[in-house]
Amino acid sequence: MFHRLISISLRLTLWFGAVLLFGWLLFGAAMWFGLKHSLTAERRQTLERRIDRLEELLERDTSFSDSERYGDFHNFASATGNGLMEIFRTSGSLYWRAPSAAADSFPWPPVTDLNRTKFIHIIAKGQPYWVLQRSAHIGSSPVVLVAAAPESGNIVLLHRFRNALIASAPVLLLIAMAGGYWISRRALSPVDRITAAARSIGIRNLSERVPVAHSSDELQRLAETCNAMLERLEVAVRKLKQFTADASHELRGPLSLTRTIAEVALRRPTIDQESRASFREIAYASANATKLLEEMLELARADAEPLDIALEPVNLASVVEEACSMARKLAQQRGITVSLAISAPDTMTVLGHTPSLRRMLWILLDNAIKYTPESGRVDVSLQDSDGVPVIKVADTGIGISESDLPHIFDRFYRADPSRSEVEGSGLGLAIAKWIADLHHAQIDVSSDKGIGSSFTLSFHT
Ligand code: ADP
């Protein structure tokens, strides 16, 4: 369901955005770790350079006295930025005290006898520091030179970098998704055109084709494949139409011949009762078969031919009056009353095709009479409902059950087996529906089983 709702371009955009975001996060994380690594290396190098210089100072000339060396150490320690520098004995006690108070109060990690160099990461007063310990000699005494440098500057930089990465992600994502959506919409717009064209093609306009974009890609192939399929369908439908026309032509002849032979036989006075009854049945059955054949042809033609029937202004009042007077003749034989009420007959003009409108009305009236028991009523009216002409055919007949109602406009649908008592093909209402569609009219039905049915035709145009 979800897949049906979101378009391919939207899905592509979401994928595009997700991949980009993932890539951006990976790239950001790699950059962040790279930056952290180089900042740490840089900080360690600074410490190493500092200790190198101190070592050089202390070891440069063996003729220097201890107090001269202490003086050098004192000057050097005062000159370095934070003064965090000490010289310990390998036993851990201070060898020389540094001149700065910061070094005095600094929680120096314990020193041990070292091979050469050792970096220690510690937290002092809530701040991270790197401490470098290096073994050296002052004269002949083994000592450990120690220096520390804060890492907070690095951390601020790393935080800023991380925040910039996080803040830029939604903006970048938005720009990338908007770009992705635009590109995919552009790339897929031929699909919309193909869909619209394919949707508008039906059996009546099978000669139309979907547009082909000459882009030498899958979409061009899709459009060409659709067109090749339409071509094959058109040929097949043309053959079917030809077959239907031929079949009707071939069937009509034998059917009317059968009927004529039966009617001629019935006129013969010498014919016995039994044969007379059989010939009457043959005449009746072939008349019904001819009617059915004509209805089938009518619908087959409606399916296959383009809707090019010329519509002209038709006065509905005269069509309804004409149909009712024909219906009265039929109804009289069955003791059924047909009433007609027309309001404002001169204003009931619609654009239509008179023979089709007559046919549609006749189907409704014929059904109303067929399915109404003797001495029932058929009430026909033509009214104006808010500027819409509405024809209503209501009867006091057997009615239609709720389960049958949705199907009665289907081809060959007849309500229930008891209908076999009433002659019919199940095609009448399908034809009426087709004619209503042709006139952009709406055909509705309401019915109560055992009470009657009411068909309304609303001409909205
Ligand atoms: P049919 O040739 O059987 O009358 P239609 O297509 O005209 O075919 O009607 C389809 C079915 O709808 C009928 O078989 C009948 O069961 C039902 N029907 C149509 N009109 C009426 C009506 N006025 N009263 C009761 N049933 C009806």
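The values are calculated or read from the model by the stated rules, or taken from the named source; none is laboratory data. Predicted, not measured: the structure shown is a model, and the values here were computed from it. Please note: Cβ atoms are built from the backbone with ideal geometry, for glycine as well, and neighbour counts cover all protein chains shown. For accessibility, only protein heavy atoms count, side chains too; no ligands or nucleic acids. Shrake-Rupley method; radii C 1.70, N 1.55, O 1.52, S 1.80 Å.
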* Please get the size of the charge dipole for the chain, origin at its Cα centre, with Cβ charges of +1 on Lys and Arg and -1 on Asp and Glu, quoted in debye to the nearest 20. => 1000 debye
* Taking the chain as the reference, fit the longest principal axis to its C-alpha atoms, fit the long axis of helix 316-333 to the helix C-alpha atoms, and give the angle between the two in degrees, 0 to 90, nearest 10. => 50 degrees
* For the chain, with every protein chain kept in place, what is the accessible area per residue (1.4 Å probe, Å²)? -> 58 Å²
* **the stretch 312-459: relative contact order in percent, alpha carbon pairs under 8 Å with at least 6 residues between** => 24 percent
* **Residue-level accessible surface for residue 36, protein heavy atoms, 1.4 Å, Å²** => 90 Å²
* Towards the positive end of the charge dipole of the chain, with charges on Cβ (+1 Lys, Arg; -1 Asp, Glu), say which of 405, 58, 343 has the farthest Cα. => 58
* Give the range of the longest stretch in the chain that excludes all GluC sites (Glu not before Pro) found in loop regions by DSSP and having at most 11 other beta-carbon atoms within 10 Å. => 1-373
* Asked: Per the helix-only calculation at 222 nm, which mean residue ellipticity applies to the chain, given -39500 (n - 2.57) for every DSSP H run of n ≥ 4 and division by its residues, nearest 500 deg cm²/dmol?
  -> -19500 deg cm²/dmol
* Ranked order, 324, 226 - accessible area, probe 1.4 Å, largest first -> 226, 324
* Distance between modelled label sites at residue 359 and residue 101, nm, 7 Å Cα→Cβ extension -> 11.2 nm
* Structure fact -> Between residue 235 and residue 434, Cβ-based FRET efficiency (R0 22 Å, step 0.05) works out to 0.30
* Given the stretch 311-394, what percent of its DSSP beta bridges are antiparallel, to the nearest 5? -> 65 percent
* Structure fact -> Once residue 334 and residue 351 are pulled to full extension, the length gained, defined as 0.36 nm per residue separation minus their Cα-Cα distance, is 2.7 nm
* Where a Cα-Cα gap under 13 Å defines reach, which aspartates and glutamates qualify for residue 36, not counting those fewer than 8 residues away within the same chain? -> 151
* Structure fact -> With a 1.4 angstrom probe the carbon and sulfur portion of accessible area for the chain, in percent, totals 59 percent
* Structure fact -> Sorting 141, 450, 127 by the position of each Cα along the dipole of the chain (Lys, Arg +1; Asp, Glu -1; all at Cβ), the one nearest the positive end of that ordering is 141
* Dipole of the stretch 218-304, positive direction: furthest Cα of 271, 225, 299, with charges on the beta-carbon -> 271
* When each of 241/291; 291/433; 239/433; 291/392; 329/433; 370/433 is checked by Cα-Cα distance, pairs over 23 Å -> 239/433; 291/392; 329/433
* Asked: Looking only at the stretch 136-161, which residues have a backbone nitrogen under 19 Å from a spot 7 Å from the Cα of residue 91 in the C-beta direction?
  -> 136-146
